[in-house]
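What follows is a short report on a single structure.
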């Protein structure tokens with residue numbers, strides 16, 4: 001469901017996203033611009049919902065790890081924080097350079113092989129990768 005409507009001289013759009021959550025946004029005084037914005041949003045929703053296409057994000061792994069760390073840090077014990085910071089800074093950030101979207105299963109498997117060949121215990125590598133996945 002999507003629609004345009006006018007309220008107090010401004011055009012608004014009303015639509016549901018891929019999860020079915022309803023959104024309403026004030027666009028401005030032009031109906032044409034509101035229609036273009038709504039068409040763009042509906043196109044994005046359709047690509048995600050029916051085709052599984054998600055636009056590339058420019059966020060790097062390093063930037064994402066900072067955001068992730070700030071979100072999980074409050075619930076962690078101090079020793080765990082020290083360990084995770086070490087894993088991120090010493091192992092994961094130097095290996096996974098570039099965009100977060102470029103990390104796929106083969107690159108994670110290559111990381112595990114690289115760490116094991118560098119002398120890390122396989123259990124240690126599993127823990128390093130597990131921190132990222134479980135939290």
If I stretch the segment between residue 17 and residue 2 completely, what's the gain in nm (0.36 nm per residue apart, minus their alpha carbon distance), one decimal?
4.4 nm
Quick one: helix 78-87 against the long Cα principal axis of the chain, what's the angle to the nearest 10°, folded into 0 to 90?
90
Cα long-axis angle, helix 31-46 against the chain (0 to 90 degrees, to the nearest 10):
40
Pairing the Cα long axis of helix 122-134 with the longest principal axis of the chain, what angle in degrees results, from 0 to 90 and rounded to the nearest 10?
20
For the residue 44, residue 97 Cβ pair and Förster radius 22 Å, calculated FRET efficiency rounded to 0.05 is 0.15
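Helix-derived [θ] at 222 nm for the chain: sum -39500 (n - 2.57) over DSSP H runs of at least 4, divide by residue count, nearest 500?
Working: 5 runs with 64 residues, N = 135.
So the calculated ellipticity at 222 nm is -15000 deg cm²/dmol.
Every read-out reported here was derived from the displayed coordinates using simple, explicitly stated rules and does not represent laboratory data. All figures in this text were calculated on a predicted structure; none of them were measured in a lab. No Cβ is skipped: glycine too gets one built from the backbone with ideal geometry, and neighbour counts run over all protein chains shown.
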